[in-house]
Amino acid sequence: MLRKAPVLEFNSTDEIYLVLDGTYFSNDICLVVYRNFHLKLTQLYRMTDGEHFEEIAEDLQNLLNLGIKIKSITSDGDKSSIKAIKKVCPKVPFQRCLVHISRMCRIWLTQNPKHRSGFELKQIAVKIHHINSEYKRQLWLIELIQWEEEYRDYINQKSYNTI
């Protein structure tokens, strides 16, 4: 048994990997959370009615004003978030969350793609979660580029509604 509870030490000069995400609830309530990825520690949160550029920019600036050094930012790719990040933290690397990318791939490609190109792209997309090194990232990108080259003509076809 410990005589005294351990103290979690966090130096505000440490560089953090910031995860920014909004969760929507009923009654137009949105909880925007800013978390330190490694410590699983919430740095800041805001109750609002949506993910708005002005509020996200203000929150990011407040984090910087507190002395928090942001090494990178990960978010769902919401346009307001990206715009705020580019304005307040233009030199900080930004990436989209893999879970959100994967979710959008499943939505766009459906459970059972009707064309061979969609089926093959879905097979490539599901591999995104297995990328854990620069080498695997390069292999994945090569596979994606080869898919794009193979189906370039199909992708560039346009359809017209005759009605």
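The values are calculated or read from the model by the stated rules, or taken from the named source; none is laboratory data. Note that the coordinates shown come from a computational prediction; the quantities given were computed from them, not determined experimentally. Here the Cβ positions follow ideal geometry from the backbone for every residue, glycine too, while neighbour counts run over all protein chains shown. Just so you know, the surface numbers come from the protein's heavy atoms only, side chains and all, with ligands and any DNA or RNA stripped out. Shrake-Rupley method; radii C 1.70, N 1.55, O 1.52, S 1.80 Å.
Odds and ends about this structure:
- When you count the other C-beta atoms within 10 angstrom of each residue and take the mean per peptide, 69-77, 111-119 line up highest first as 69-77, 111-119.
- Out-of-range pairs (alpha-carbon distance over 24 Å; input K71/K122; K87/K122; K40/K69): K71/K122; K87/K122
- Measuring only protein heavy atoms, the 1.4 Å probe finds D153 accessible over about 130 Å².
- Modelled FRET efficiency - R0 41 Å, Q123 with K79, Cβ distances, 0.05 increments: 0.90
- With one equal scatterer per alpha carbon and no solvent term, the Debye-computed log10 I(q)/I(0) for the chain at 0.13, 0.14, 0.16 1/Å reads -0.83, -0.91, -1.04.
- Counting only DSSP H runs of at least 4 residues, each contributing -39500 (n - 2.57), and dividing by the residue count of the chain, the helix-based mean residue ellipticity at 222 nm comes to -12500 deg cm²/dmol.
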